[in-house]
Each structure stands twice: as structure tokens, then as C-alpha cells.
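The structure appears right after this line, and notes come after that.
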Amino acid sequence: MNHSIKRFLLFYLLLSITLTSSLTTIGNYFLDNRTLQRHFDGQLTQTVYFIRALISSNPTPAYLQRLQESISGFTTKNKKGPVQPFPFGIDRMQFRVWNTNGHLLLQTPLAPDFDIHNHKLNYGFSTITIGKSTWRVLLAPANSQSKFIIFIAEHYEVRSSLAHELTWGNLFMLLWSYPLFGLLIWLSIDRGLSSLRRITTNISTRHTTNFDTVDISDVPLEVKPMVEALNKLFLRLHETFERNKRFSADAAHELRTPLAALRTQAQVALRAPNDQERKLGLTNVILGVDRCTHIVQQLLTLSRLAPEAALSDIKSFNLSVLAAEIIAQLAPDAIKKNIDIELTQETKHDIYLLGNETTIGILIRNLADNAIRYTPENGSVVVGLTEDANQTTISITDSGPGIPKELRTRVFERFYRVLGTKASGSGLGLAIVQQISELHDAHISLGAPTNGKGLEIKVIFPHKQFDEGTYCAIEPL
Ligand SMILES: Nc1ncnc2c1ncn2[C@@H]1O[C@H](COP(=O)(O)OP(=O)(O)OP(=O)(O)O)[C@@H](O)[C@H]1O
Ligand SMILES: [Mg+2]
């Protein structure tokens, strides 16, 4: 399933806002309610003071009557209609005043049917139900030596309506602000993702041969590791691409001449006047095919030994056995030239080496093959294995012409062959040897043997721990 980060974030951010605002609204409802209660209770107390001021300690009956008459005129026009909580009318608060004998002296017209004799109520605030309505009431003496009791009642509905009204107002504003929230979140995410769009455009519009790394200067921190990994991949792809390009170019270049020679040999065989010449021509064709196969084989080996690739299948293997096997395989070539080839090792026990057995086999084969190929007849080749606590050394010593000092670096270049070398070859063997040595962190040294004649090549493998994590797969050889 394809997820949209934008939609995901928008949904969850709006959900979070909804949850937190709902909780805040509920909390505010209770807080507002408490504040309103205090505020309205304060108003009830003020009204008590007001009534106290109206009735002196000894009001005459005539005064009380006049007072009652004017109080009756305070009410709203529709006396019988329901009490309207908003706007606060005079009907919101009702009161009754009794003398200490319980005789009702004053009352507002819509005062609840509360009788001081029938209801037991302490002085102070209480919430009571009279008839069908709930009232917040305050019962207070007119003053300390007073002969009157004041009862003030307020419809509870007024208070709760106000708290509800405030809460609904908050919710209403919240709902209105939702589209704005959504829009702002959408724009913010869009801006945050703009660098991803830039990278996508950069990658999707580039040419197939463009392996440039993506600029990470303005990439967000969270995306940086992904872009860095992508850049590393580009580098590896670039190297692979270059290697393959070089392989094609090398193959085309190196095979052109032997293939032309093959064609000539085939034509010669075709036009041969007798069987003997035809046989000679076809033998040359076979030799030419072998040479081409060898070149292709060497090129393939080299192209698979990518310098940036690391070794797979690293294990400790028996180097003594491997070297003996290779010498046995090359022995027929040595015998043809009457070359004395031998394997020597200082230790009595077999020598083991930690590395990739296949590639080290290729390394020994190339060096021993050179030694046999470039050593004249009746010469000698010695493959020596030595080891100490720190390193294992493979040395190949021959009695051939050797390599002049000034060319000892150049012979490792691809296709380089020392001028005048008669024996056939593609000039890739030592480049392969160098690549394999580098993969094993080994060191190669070229020199003359102690007797001064020939060539001694040493490949020194330091004993090291191969960290599994840093070594990844190399293409199978
Ligand atoms: N033991 C040696 N004695 C004298 N010259 C050598 C010896 N080994 C290598 N060379 C010289 O170095 C050159 C490069 O050797 P390298 O192994 O790279 O290529 P090659 O043997 O010509 O071809 P390939 O090994 O690919 O078949 C050789 O052509 C040869 O001139
Ligand atoms: Mg060679």
C-alpha cells in the first residue's frame, strides 16, 4: 500500500489537535463553572448588602408596605412567563425577608415558594430544589442584632447556561479554525518535503550515465542518511559502469588483432593445396582461439576483481595443498621446457592462510605461469611458502631473464609487456595479481634472487582479522 506522508501527517496532527482541544475544552468547562459559581455567589452576597441597606433596624409597617409596592414594580412585564436567564433580568434573583417571628415582610413577585418555618436551612449558601427548579440560595440575618432574615435565590439554570454557552463558544471557534489548521499543516509539510521533490527531480531527469552525487547541503537531517546511502550507491554504480566500459573497450582492442590473425589462418587453411598445409593452418587457428580464450578469461577475471569490492568466503585454507595443486597443474608446461619446478616450505606442518582461496589460487597460478613461461629451457622455478607470527609469504623465484628495475612498476599496468618478450600473453596477469593482493592487504615486492640471476616475486600477507561487516560479496570468479 502506498502511503502519503502528507496525508498521514495531516490526519494524525488534526487528530492530535482534536484530542488535546477536546480535553482542554472539558477542563475549561469545569474551571469556568467554578469561576462563575464564585462570581455569582459574590453577586448574591452583594444583593444581601443591598437589602440590608433598604431595611433599617426598625422599619415602620408603612415603610415596608411602600417598599413592597415598589419591589413588585421591578419585575418584567410578563410576570407569569418563564424566567429568562439571558439577558440577566431583574427576575434572575428573587428574595424574601421575614422577621424573627417568621412573618413574611418583603418578597419579590417570582420568589420561590420557600418558607422559613417549613424548610430547615442553615445560614450561608446552599443549592436546593423547590418545585421543579433548582436554586442557588443565600440565607442571612439582616445584621448582627437584626430581627430579620433575608433569603436570596437565583435560578441555577442561569449559571449552568452561562458555562454551557462559554463551552459551546470555544468549540464553535475550534471548528471554525479547523480548515485553517489543516491548510497551515498542509503547507508546512509541503515545504518540509520540498527537498525530497528536488532530489526526485534531480534523479529522474538525469542521464543514465550521470552518476554525480546528490547535493545534501539543504537536505533535512531525517532524510540525510537515505541520500548519503544513495550517493554511495551512485559511486559504486559509477565504478562498476567504468569497469564494464573498460572491459568492453579492452576486449574490443585486445581481440581485434588475434581475431584478424585467426581469419588469415582460416583463409590459409581454406586455400591450402594439400592436407598437410591445411592441418598446419587449422592448428594455428586452434592456437589463435586458445589465445583469444585466454585473453577473454584474463579480462573477465580482472573485471570481476573490482578494487572497491571486498572479499567474500573468507576462511582459513591450506595454502601448502593449494600451491601443490597448482604446481601439479602447471607441471606439464614446465616439463615441456625441461624446467625444474619445486615447492619449498620451511615449516614441517602445512601452512594455513586466512583469505579467499579461489583468488589466491589465481594469484599463484599467474606468478608460476609467468615464471615457467619466461624462463628459458632447462631453467628452474621455486615456489616457496614461509610464515612467522605476523605474516605469511609466497615467493616465486625463477632463473629467467628477470625484469629490469625501471620496469618493475610498469609490469603491473594492464596490457603492459616488456619489449622483446617472445612468449605469448595478454599483459594482464600481474595486474590481476596486484588486484588480489590489494584485496588481501598484501604487499608485493619484485627483486633479483640471491644468486643475482632471474626474478624473485614475494607476496606478503599480514596476519589480520577480517571483519565480516566490512567485507561484502565479490562476484564469483
Ligand atoms: N617471471 C618473469 N620473468 C621475466 N619477465 C616477466 C616475468 N613475469 C612477467 N614478466 C614480464 O612482465 C610482463 C607482464 O606480465 P603479465 O603476467 O602481467 O602479462 P603476460 O604474462 O604477458 O600475460 P598474461 O599473464 O595475461 O597471460 C610480461 O609480458 C613479461 O614481459
Ligand atoms: Mg602472465
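The values are calculated or read from the model by the stated rules, or taken from the named source; none is laboratory data. Bear in mind the structure is a predicted one, so any value in this text is a computation, not a measurement. Positions of Cβ are backbone-derived with ideal geometry, glycine not excepted, and every protein chain shown enters the neighbour counts. With ligands, DNA and RNA removed, areas are computed over all heavy atoms of the protein, side chains included. Shrake-Rupley method; radii C 1.70, N 1.55, O 1.52, S 1.80 Å.
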Residue by residue through segment 324-330, which ³J(HN,Hα) values in whole Hz follow from phi under the Karplus form 6.51 cos²θ - 1.76 cosθ + 1.60 (θ = phi - 60°), with glycine and proline marked x? 4, 4, 5, 4, 4, 5, 8
Within segment 162-180, the residues whose backbone N lies under 13 Å from a label point placed 7 Å from the Cα of Arg34 along the Cα-to-Cβ direction are none
The farthest towards the positive end of the charge dipole of segment 331-418, of the residues Thr344, Ile396, Phe415, given +1 on Cβ of Lys and Arg and -1 on Cβ of Asp and Glu, is Phe415
If the chain between Ile335 and His117 were fully extended at 0.36 nm per residue, the gain over the current Cα-Cα distance would be 64.6 nm
What does the charge dipole of segment 245-319 about its Cα centre add up to, to the nearest 20 debye, if the Cβ of each Lys and Arg holds +1 and the Cβ of each Asp and Glu holds -1? 180 debye
Measuring from centroid to centroid over Cα atoms, what is the spacing of segment 186-223 and segment 99-178 in Å? 68 Å
Computed over segment 133-196, Cα set: Rg, Dmax in Å: 26.0, 85
Under the Debye formula (equal points on every Cα, no solvent term), log10 I(q)/I(0) of segment 315-470 at q = 0.08, 0.15 Å⁻¹: -0.22, -0.78
Expressed as a whole number of Å, what is the distance separating the alpha-carbon centroids of segment 228-271 and segment 352-424? 25 Å
Below 8 Å, C-alpha to C-alpha, sequence gap of six or more: please give me the relative contact order for the chain in percent. 10 percent
Relative to the present Cα-Cα distance, how much length would full extension add between Lys464 and Tyr352 at 0.36 nm per residue of separation? 39.0 nm
Relative frequency of Cα-Cα separations exceeding 19 Å in segment 224-304, percent: 56 percent
Take the solvent-accessible surface of the protein heavy atoms, probe 1.4 Å, and return the percent of it on the chain that carbon and sulfur atoms account for. 58 percent
Specify the angular offset, from 0 to 90 degrees and rounded to the nearest 10, of the alpha carbon long axis of helix 429-439 from the longest principal axis of the alpha carbons in the chain. 30 degrees
Mind checking which lysines have their C-alpha under 25 Å from Lys337, skipping anything on the same chain fewer than 8 residues away? Lys279, Lys422, Lys453, Lys458
Just the accessible area per residue of the chain, please: how many Å² with a 1.4 Å probe? 60 Å²
Straight-distance crosslink candidates among aspartates and glutamates, where the alpha carbon sits under 20 Å from Lys336 and sequence neighbours closer than 8 are dropped: Asp290, Glu325, Asp369, Glu377, Asp398
Please provide three numbers in whole Å: the alpha-carbon extents of segment 147-299 along the principal axes, with the largest listed first. 156, 29, 25
Work the Kirkwood hydrodynamic radius out for the chain: mean of 1/r over every pair of different alpha-carbon atoms, inverted, in Å. 33.5 Å
